[in-house]
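Following: one structure in structure tokens, then a few remarks.
No lab work stands behind these numbers, since they all come straight from the coordinates. These figures come from a predicted structure and were not determined experimentally. Heads up, the Cβs are rebuilt from the backbone with ideal geometry, glycines too, and the neighbour counts pull from every protein chain shown.
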Amino acid sequence: MYKRIVTLTLNPAVDASCVTDKVRPINKVRTREERYEPGGGGINVARVLNELDAGSFAVYLAGGRNGDVLEELIERHGVMGHRVQTAGSTRVSNVVYEESSGQEFRFTPEGPSVKRAEWQRALQFIDLLDFDYLVASGSLPRGCPDDVYARLTTSIKRRGGRLVLDTSGAALAAALEAGVYLAKPSRGEFAALIGETLDDPKDLQEAAMERVQKGQAEILAISLGHDGAVLACQDGFYHLAIPDVTARSTVGAGDSFVAGIVFGLSRGMSTQDAFALAVAAGTATVLTAGTELCHQTDIDYFWKILRNELCPIPKPSA
């Protein structure tokens with residue numbers, strides 16, 4: 001019997017998406033195909049875990065009428081969860097797909113400022129739950145200290161659990177110093193963390209393996225956008241290119257990646273097979289429009305292809 005995978009979203013959103021012919025300044029932009037989905041890193045991860053038939057439980061902050069809408073959307077998607085009430089209103093993000101150019105415009109508000117008691121209630125509730133994996137994903141809201149994920153990983157390690165982290169900036173830096181089980185920054189986020197460009201694949205490999213060897217993360221997965229993703233762990237360094245597909249939207253692809261790798265690891269897969277499943281889930285998500293996420297049949301299709309393409313990359317010569 002597998003334990004539910006818990007996710008934490010401190011700065012969630014109601015994700016709105018639509019389609020228009022062309023985005024023009026000043027003039028009214030007529031839209032269609034409007035969709036509203038529950039959003040935010042951990043909530044998206046929970047949605048994909050449900051698609052993979054894994055038990056998930058989402059803990060999230062939410063406030064105001066927007067928070068009520070978010071809670072309703074989460075329930076509508078069949079995600080079990082616990083809402084921590086906030087005084088500030090939950091943000092609403094917008095994704096607009098322009099058909100004439102094939103480009104996607106994403107408008108992401110910073111969200112409300114939260115009180116100390118509010119984010120602390122979320123952490124206190126997590127202490128009551130029984131789990132092997134906690135996925136903390138997304139940006140920190142204003143009012144939340146940079147070391148909140150570092151505190152979380154310390155407490156979770158004491159109880160024998162594993163923290164999976166998908167965030168950036170100072171919050172990522174503090175958590176890595178505490179030592180997480182798995183971190184998934186993008187290449188840009190990882191480059192900003194260490195203060196280098198990392199355009200050279202050898203530089204990226206060396207920097208990633210150094211973090212693993214220092215114990216900052218047992219597993220470090222770095223998404224590379226169109227170039228796929230890389231994985232650093234004690235077993236070595238791996239790269240997977242994404243299959244050649246026509247992307248409709250990149251919204252939620254990173255969250256789907258996280259859900260795929262956590263699901264695989266929680267089911268006893270090798271790190272490499274779980275990595276292939278992560279890339280498969282991320283690829284499956286770019287096939288869907290707007291804020292829609294991946295589907296099981298697409299994940300299975302890409303995983304069968306990708307798991308046969310993995311091979312370790314030799315350590316760069318001095």
Could you give me the radius of gyration and the Dmax of the chain, taking only the C-alpha atoms into account and expressing both in angstrom? 18.9, 58
Let me know the Rg and Dmax you get for the range 29-86 when you use only its Cα atoms, in Å. 12.5, 41
Expected unfolding gain across D146-K214 under the 0.36 nm per residue rule, minus the alpha-carbon gap, is 22.4 nm
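Ranked by Cβ crowding within 10 angstrom, fewest neighbours first, how are M1, M80, M209 ordered?
M1, M80, M209
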Using DSSP, restrict attention to beta bridges with both residues in the range 5-306 and report what percent are antiparallel, rounded to the nearest 5. 40 percent
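If I take all pairs of Cα atoms in the range 139-252, what percentage of them are more than 22 Å from each other? Don't skip to the end; give the middle numbers.
Working: 2210 of 6441 pairs.
Result: 34 percent of Cα pairs exceed 22 Å.
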Filtered hits (aspartates and glutamates, Cα-Cα < 16 Å from K214, offset >= 8 within chain) -> E177, E206, D235
Return the lysines within reach of K3: Cα separation strictly under 27 angstrom, same-chain partners fewer than 8 residues apart disregarded; answer none if there are no such residues. K157, K184, K304
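Summarise the long-distance tail of P(r) for the range 43-122 by giving the % of C-alpha pairs beyond 15 Å. The partial results should precede the final answer.
On the way: 2033 of 3160 pairs.
Here the long-distance tail beyond 15 Å is 64 percent of all Cα pairs in the range 43-122.
Using only alpha carbon positions, build the gyration tensor of the range 236-292, then give the equivalent ellipsoid semi-axes as the square roots of 5 times its eigenvalues, largest first, whole angstrom.
Working: eigenvalues 91, 33, 10 Å².
In descending order, the three semi-axes are 21, 13, 7 Å.
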What does a probe at Q234 reach in the range 200-214, counting residues whose amide N is under 20 Å from the point 7 Å along Cα→Cβ? 206-214
Estimated [θ] at 222 nm from DSSP helical runs (n ≥ 4, -39500 (n - 2.57)) normalised by residues in the chain, nearest 500: -11500 deg cm²/dmol
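Grab the alpha carbons of the range 86-205, take their convex hull, and tell me the volume per residue in Å³.
On the way: hull volume 17.4 nm³, N = 120.
Spelled out: Cα convex hull of the range 86-205, divided by residues, is 145 Å³.
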Check which residues have an amide H placed less than 5 Å from F237's amide H, if you skip close sequence neighbours. I313
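Please quote Rg/Rh for the range 1-136 to two decimal places, taking the Kirkwood radius as Rh and restricting both calculations to Cα atoms. Intermediate results must be reported in sequence, preceding the final value.
Numbers: Rg = 16.7 Å, Rh = 16.0 Å.
Using Cα coordinates only, the ratio equals 1.04.
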